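The numbers here are math on the coordinates, done by the rules we state, and not lab data. The structure presented is a predicted model; accordingly, all values stated were derived computationally and were not measured. Here the Cβ positions follow ideal geometry from the backbone for every residue, glycine too, while neighbour counts run over all protein chains shown.
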Amino acid sequence: MNISRAVLTLWYVNTDNPAEVLTSAPKADRGFGRKYLAQLNPAFPVTPIGQFPLNRSAKADVGEFYIGGYPDITVVQTVIMDDALTLSKLSPLLLRAIDATDIYAFASNEEEGYAGIAHWHNYELKRSLCSTHTKFFEDEGLPETFEGPFWAGEHALEEGESTPGIGLPFDPLELMAAAEKHWLGVDVNAQGPDLDVVGYAVDGRPEPKVAQPEVKKPKTAQEATKEAASKLGVGPGNGDYDDYENPEEEDETSIQEAAADAAKQAANLGKLVGEKAFTWAKSTFKKFR
């Protein structure tokens, strides 16, 4: 079976209790991600492509990095190719990009049924297991305690899910999820806490365009006068309004004339609209003198 790529998620951890940090739903720092990428390759053409929860979004694609810098923890998701699927051969640039006591790596290709897990302590490889259901890519170090039930067949594939040939007594993707929960202390999936990251592209694509909200133009004094008249029942929209002019014709009078005309209309209709119209007419006329 030839698997050429997988999604890799790296966790750089400098705390004995990563769950405490991750359950607080920490926010990512946009500037931190740029510094990380500049350290990997100063020539990268970095383009921000969004900010979102890592565990509630589509996975990173080729030429993309999702990065979250939290207190004592950094998470990076990207795509690895070919030899890197054997996690012990992961690029030293990635491993050394952040000073960390513990580094955890999780790689997957769900379509091919591939999953890999690895743990480095003080940059020394402690465990790496990379496989599909029927093929090992790597099995280095001693099995960890959470692996026991999987090797014992307690997580065997259900009837109808078997694959040709001799297979492992578990689904490698399920083992990867158990490793994440064991090493990080939280479920790194849609049911877990939000893990905010910033997405970057390094393949030269332009920054996505964001639609700008429509800015409403301020009303002219004439428009404001007409609106106020309408609210008081003064104008063409009112059933008691008596005007021989066509309401659709453009009013070409000056602002002062419009104000005076509105005041005159209000005065003529005083008996209909009451004392409020007279008060409005006086204040409107006084405003535009």
| request: Kindly flag which residue pairs out of LYS59/LYS209; LYS27/LYS89; LYS59/LYS135; LYS35/LYS135; LYS89/LYS135; LYS135/LYS181 have an alpha-carbon separation exceeding 27 Å in this structure. | output: LYS27/LYS89; LYS35/LYS135
| request: Evaluate the distance, in nm, between pseudo-label points positioned 7 Å from the Cα of HIS155 and of LEU173 along their respective Cα→Cβ axes. | output: 1.3 nm
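Using 1/(1 + (r/R0)^6) with R0 = 51 angstrom and r between the beta carbons of LYS126 and ARG34, what's the FRET efficiency to the nearest 0.05? Working shown, then result.
Numbers: r = 31 Å, r/R0 = 0.61.
E(calc), rounded to 0.05, equals 0.95.
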| query | How far is it, in nm, from the label point at SER91 to the one at SER24 when both lie 7 Å from their Cα along the line to the Cβ? | reply | 3.1 nm
| request: Quick one: grab the alpha carbon gyration tensor of segment 1-126, order the square roots of its eigenvalues as a ≥ b ≥ c, and give me rounded if a/c is under 1.5, else prolate or oblate depending on whether a/b is larger than b/c. | output: rounded
| request: Could you work out how far the C-alpha centroid of segment 107-141 sits from that of segment 21-52, in angstrom? | output: 25 Å
| note | Computed over segment 8-58, the Cα gyration tensor eigenvalues, each multiplied by 5 and square-rooted, give semi-axes in Å (largest first) of 23, 15, 10
| task | Convert each backbone phi in segment 112-120 into a coupling constant with the Karplus relation 6.51 cos²θ - 1.76 cosθ + 1.60 (shift: θ = phi - 60°), then list the ³J(HN,Hα) values in order as whole Hz, x for Gly and Pro. | result | 9, x, 8, 8, x, 10, 8, 9, 10
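When a/c reaches 1.5 or more, the comparison of a/b and b/c decides; with that in mind, is segment 67-189 rounded, prolate or oblate per its Cα gyration tensor? Walk me through the numbers before you get to the answer.
Numbers: a/c = 1.88, a/b = 1.65, b/c = 1.14.
Since a/c reaches 1.5 and a/b is larger than b/c, the shape of segment 67-189 is classed as prolate.
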